[in-house]
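Each value in this text was obtained by applying a stated rule to the coordinates, not by laboratory testing. Since we're looking at a predicted model, the values are computed, not measured.
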């Protein structure tokens, strides 16, 4: 059995690689290895995380929408399936997403 993993892409550029660590009821938890496009989108994730940490729901939702608008997709290494509708968080080498 192979490890389940995804490429996080922005158009044809690699943002990073997600490797499955665990799945709970709603979220898929992964190790995150940054790719060349990560520095371009990292500020979006930092803004979202900081807004959620300080309890500013409106700012957090706005930041999450900006992440969605960035044109990110998940591509399964296993079968090439492309996921376009998902919520994702990335911080300090960890990523979690839900579809």
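Computed over the chain, the per-residue total of -39500 (n - 2.57) for DSSP H runs of n ≥ 4 gives a 222 nm mean residue ellipticity of -9500 deg cm²/dmol, rounded to 500.
Quick one: compute the contact order of the chain, relative version, from alpha carbon pairs under 8 angstrom and 6+ residues apart, as a percent. After rounding, I find 30 percent. One way to sum up the overall shape of the stretch 5-98 is the equivalent ellipsoid from its Cα gyration tensor, whose semi-axes run 21, 15, 12 Å, largest first. Among 75, 15, 23, the largest mean-square fluctuation in a Gaussian network model of the chain (Cα springs under 10 Å) belongs to 23. Separation of the stretch 45-99 and the stretch 1-35, taken as the distance between their Cα centroids, equals 12 angstrom. Taking the 0 to 90 degree range and rounding to the nearest ten, how far is the long axis of helix 38-53 tilted relative to the main principal axis of the chain, both from C-alpha atoms? Result, in degrees: 50.
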